[in-house]
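Structure, as structure tokens:
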Amino acid sequence: MTGHIIFIAVTLAAAGILAWSFSRIFRIISLLKKPYSIANTGERIGLLFKNVLGQKKILRFRTAGIMHALVFWGFLLITFGSAEMLIDGLLGTPFDADPANDRIFSALGPVYDILIAGGDIFAWVILILVIAFLIRRNFLHVKRFSGKEMRHRDHKDATFALILILLLMVSLIGMNAAYVAHAGADAKGIFPVSSLMAGLIPHNSSLTIEMFMWWAHILLIFFFANYLPYSKHFHVFMSAPNVYLSKTEPLTKMNEMESVTKEVKLMLNPDAPLPEDEGEPERFGMKDVEDGTWKNYLDSLACTQCGRCTSVCPANQTGKLLSPRKVVLDYRRRMEEKMNGLLKEGKSYQDGKSLYPDYTTYEELWACTTCNACAQECPVNIDHPSMILEMRRYIFLEESKAPALINAMSTNIENNGAPWKYSAADRFNWADNLKIKINGEEKDVKVPLMADKFAEGKKPEYLFWVGSAGSYDEGGMEISRNFAKILEYAKVDYACLGTEETDSGDNAKRAGNEFLFQMQAFMNIEIMNGYEVKKIITCDPHDFNTLKNEYPDLGGKYEVIHHTQFIKQLAEEGKINLNHKIFENKKITYHDPCYLGRGNGEYEAPRFIVEKIGTLTEMHRNKSRSLCCGAGGTQMFKEAEKGDKEIYELRTEDAVQTGCDIIATACPMCMTMMKDGVKMKNKEQEIRVKDIAEIVVESLNI
Ligand code: SF4
Ligand code: SF4
């Protein structure tokens, strides 16, 4: 009876403290903005199956992944037994004279036997793995466990949590063995490992040992549960909700800012009705934690500090200050510092500090290439780039302190419709004097314009969106010319916008200049909708991503196709013949552009083309693990932050290691960076850098 009362009192106290910790978290969540709609339940449940139950992302790091997945699956089984212990305890049965009869779930029969047997085996598996984790963390100096954001107390916290798990397993194993020793043939459930140990426990002390271990185990569970919200191991609770609530859109899609949309619409159409007064205007972007969304906060609570994100970050790998794990931990630490004030005074609470720049600094934020390698690798689906973008938005829109070259880029887009200082009137010059050889005969190619086609009463099936790089950058113009030759050769019904096209706004958006992005987007959408455009082809993965994923929120809904996808389609339809083994003896390595591959999942189309034409040789980092070339996220338009090497240099080293003759790319910016890398490595004589369109044109000999 006394044991039962003590158990109920302890359970209520533990549940009360846990409820208090969670109530604080929920109150903070209620203060924060909504990130996006969470309506698509089916897709989200799929994510849970894939990434939580299936541990798909954890298993991308094979050895550590298998170890972690075994611990996770084991915990699931053991939780079944823990739930039974809790219910038994509340019913008071363990405190009866005969604990052999006290197992409530035993009514499940064979299912019970299997679950209990699984828990008994996994208790040992977890025990062994936790010892391995402790050795790895404390003696093996794994690189991704270190970093400036990893404080001494974080290491102590990780070790302490592992010791708690170890004690949980020791108490569970001891309890199981003593139970079998005491209950003998009456034991409920199957204990394949503990039954081997039961003989070591004297029968007359088995009940005492069982009850001691039972109490030790249950008290450790209560303590562990209440320790978690203040530990890195809070992911035990938070990873499943965080995965369920994660972004389901393509990684490289960045959200639009509704507050900006209203103002931009007004700027473009002064006759539009004024929006209703919505009180105090919201701050643009994120300066401090209360400007974030509740997903940013959940992300920070779910972070396991595993360092996978930082280990794949191109900026971090080249010695720059940026560490995506730090960005997430900065948010958590700043929230911990400000939480009491926010709970007392609401969002107006200020303490003279802020997330940016006191925790996350200017230099860190501007080093990001928005490659999304971090988000791709994160086992709990944390979205680091969106946090970085929100802080860039604050810097650009509220502080007006973006790097000088980024300001110059924005001014160029505003004035010329391109990130460089070129005249808008020259936008279509790339199409001048274009010639194509068909059956050995050279003929002029006139790239068709939408305006001309419309004047003739025709509606071309495709719009060839050229983009700023394709219109002005030397390498980009060559890609446009090559692709136009392919379109001509395959007799595709298409047209361009010519000088009616203006910059997509992609770079402005990644710089945080959402106003300029939306201005550009609305102008382009108006023109494209005016021409009733339905299908767009583009050679630029950045514009591909923006047109496909970001324009729809602003009213521009199109089927957007990357040129590699289109060329594959033409080959499959027999409109071009890629079977020329002109590059047969050439080793071609393919560099995945982040915005095409990781961002939008297209890995196969370019490889299909390369394999048809030559011999594909993969870099050790490829497809979703591909390293960024270093140009994205506006890096192309600014000086790189301090580091020990350039990102393009590191990526070129990956390519050189393959012994390739050709580096194939599918992005004008990647091409520029890889050419710079080859030049820097003095490999220009041995390695050529070519866009897929150029390779196809050479193979078609047109
Ligand atoms: S998006 Fe790329 S560069 Fe930016 S933090 Fe993530 S991994 Fe690093
Ligand atoms: S953000 Fe994700 S990948 Fe990075 S340390 Fe945290 S859990 Fe690991």
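Things to note:
- The single condition among (1) surrounded by fewer than 19 Cβ atoms within 10 Å (Cβ to Cβ); (2) touching a Lys or Arg at 6+ places or on another chain (Cβ under 8 Å) that Lys587 does not meet is (2).
- Ala185 passes every criterion in (1) crowded, with 21+ Cβ neighbours inside 10 Å; (2) more than 30 Å from Ser386 (Cα to Cα) apart from (1).
- Index of the failed condition, Val111 passing every other in (1) surrounded by fewer than 17 Cβ atoms within 10 Å (Cβ to Cβ); (2) closer than 30 Å to Arg308 by Cβ: (2)
Conditions (1) surrounded by 23 or more Cβ atoms within 10 Å (Cβ to Cβ); (2) modelled with pLDDT under 95; (3) of a type in the set (Val, Ile, Thr), marked per residue:
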| site | (1), (2), (3) |
| --- | --- |
| Gly512 | yes, no, no |
| Pro541 | yes, no, no |
| Gln565 | no, no, no |
| Asn577 | no, yes, no |
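- Check on Ala225, small (Gly, Ala, Ser), over 28 Å from Pro593 (Cα atoms) and within 16 Å of ligand 2 (Cβ to nearest atom): no
- Unique residue being out of contact with any strand residue (DSSP E or B) (no Cβ under 9 Å at 6 or more places or on another chain) and either away from ligand 1 (no atom under 15 Å from the Cβ) or not assigned by TED's automatic domain parsing to the domain that holds Pro324 (or both) when the list is Lys435, Lys458, Lys401: Lys401
- Hits in the range 167-199 - residues which are at pLDDT below 90, part of a loop (DSSP other than H, G, I, E, B) and under 22 Å from Ile128 (Cβ atoms): Gly199
- Condition check for Phe75: surrounded by 13 or more Cβ atoms within 10 Å (Cβ to Cβ), under 31 Å from the mean Cα position of the chain (by Cα) and aromatic (Phe, Trp, Tyr): yes
- Within the range 590-604, the set of residues being under 18 Å from Glu559 (Cβ atoms) and crowded, with 21+ Cβ neighbours inside 10 Å comprises Tyr595, Leu596, Gly599, Asn600, Glu602.
- Annotation: of all residues in the range 326-355 being of a type in the set (Lys, Arg) and within 16 Å of ligand 2 (Cβ to nearest atom), the one that is nearest to Thr293 (Cα to Cα) is Arg332.
- A count restricted to the range 359-386 and to residues that are aliphatic (A, V, I, L, M) and either touching a Phe, Trp or Tyr at 6+ places or on another chain (Cβ under 6 Å) or near ligand 1 (Cβ under 9 Å from one of its atoms) (or both) stands at 3.
- Candidates Cys313, Cys374, Cys378, Cys306, filtered to the one that is surrounded by fewer than 24 Cβ atoms within 10 Å (Cβ to Cβ) and near ligand 2 (Cβ under 10 Å from one of its atoms): Cys306
- Note on the range 422-506: enclosed strands (runs of 3 or more DSSP E) holding 1 or more residues that are β-branched (Val, Ile, Thr) are 434-438, 441-445.
- Among the residues making up the range 15-40, those that are closer than 20 Å to Val380 by Cα and at pLDDT 95 or above are Phe22, Ile25, Phe26, Ile29.
- Residues in the range 257-280 include none that are more than 14 Å from ligand 2 (Cβ to nearest atom) and touching a Gly at 6+ places or on another chain (Cβ under 8 Å).
- Pairs are defined by a Cβ separation below 6 Å, a sequence spacing of at least 6 or placement on different chains, a first member in the range 314-341 that is among the polar types (S, T, N, Q), and a second member that is within 16 Å of ligand 2 (Cβ to nearest atom) and part of a helix (DSSP H, G or I); the pairs so defined are Asn316/Thr310; Ser323/Thr310; Ser323/Asn316.
- Residues (of a type in the set (A, V, I, L, M) and either free of Cβ contacts under 8 Å to residues at least 40 places away in the same chain or in contact with a strand residue (DSSP E or B) (Cβ under 7 Å, 6 or more places away or on another chain) (or both)) located in the range 528-556: Met528, Val533, Ile536, Ile537, Leu547
- Scope the range 660-677; condition within 29 Å of the chain's Cα centre (by Cα) and surrounded by fewer than 24 Cβ atoms within 10 Å (Cβ to Cβ); matching residues: Thr672, Lys675, Asp676
- Of all residues making up the range 306-332, the number that are within 15 Å of the chain's Cα centre (by Cα) and on the phi > 0 side of the Ramachandran plot: 1
The values are calculated or read from the model by the stated rules, or taken from the named source; none is laboratory data. All of these numbers come straight from a predicted model, not from anything done at the bench. Because the Cβ atoms are built from the backbone with ideal geometry, glycine has one as well, and the counts that use them run over all protein chains shown.
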